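What follows is a short report on a single structure.
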Amino acid sequence: MIPLKTKYLNNYTGMTLWPFLLIRHKSKLGDQVFMNHENIHAVQQKELLIIVFHIWYAADYFIKLIKHRNHNLAYRNIVFEREAYEMETDPEYLKSRKLFSFLKFYSKKYRYE
């Protein structure tokens with residue numbers, strides 16, 4: 001990924017828009033958990049050919065927002081975020097991750113309700 005520092009992320013530390021990683025602080029590039037989280041998103045985006053990922057991500061967010069009526073709950077329960085948050089502390093995860101692994105996170109009980 002190509003890191004780009006930006007001041008426009010407001011409430012977020014970083015955001016992957018493959019092949020770019022938008023970050024608020026360059027110091028996050030040395031944070032292994034943060035980088036693993038964003039690398040998981042990069043893999044998700046590539047396997048869904050980028051545009052499908054973003055459409056699915058937005059649709060999942062709005063469905064969760066209607067259900068929860070809370071931005072934070074909706075965001076944390078997006079299937080792509082659930083995979084990234086749950087697996088971000090495993091530095092070996094991407095080496096063994098199977099194609100479309102995010103799908104198994106639909107069947108897991110919500111952790112953030």
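Every number here is computed from the coordinates shown, using simple stated rules; none is lab data. What you are looking at is a predicted structure, and each value in this text was computed from that prediction instead of being measured. Please note: Cβ atoms are built from the backbone with ideal geometry, for glycine as well, and neighbour counts cover all protein chains shown.
Annotations for the structure displayed:
- Neighbour cut-off at most 11 other Cβ (10 Å), DSSP loop, chymotrypsin sites (Phe, Trp or Tyr not before Pro), the range 1-56: Tyr8, Tyr12
- Calculated [θ] (222 nm, deg cm²/dmol) that DSSP helices of n ≥ 4 give over the chain, each run adding -39,500 (n - 2.57): -14000 deg cm²/dmol
- The distance linking the range 1-28 with the range 36-113 is 18 Å (Cα centroid to Cα centroid, whole angstrom).
- The trypsin sites (Lys or Arg not before Pro) found in the range 23-79 that occupy coil by DSSP, while having at most 11 further C-beta atoms within 10 Å, are Arg69.
- Dipole check for the chain: with +1 at the C-beta of Lys and Arg, -1 at the C-beta of Asp and Glu, and the Cα centre as origin, the magnitude is about 220 Debye.
- For Ser101, Ser107, the sequence from fewest to most other C-beta atoms within 10 Å is Ser107, Ser101.
- With a Cα cut-off of under 23 Å and a minimum spacing of 8 residues unless on different chains, the lysine pairs in the chain number 20.
- Option label - Cα Rg over 2.2 N^0.38 Å computed here, alternatives (i) 1.27; (ii) 1.04; (iii) 2.90: (ii)
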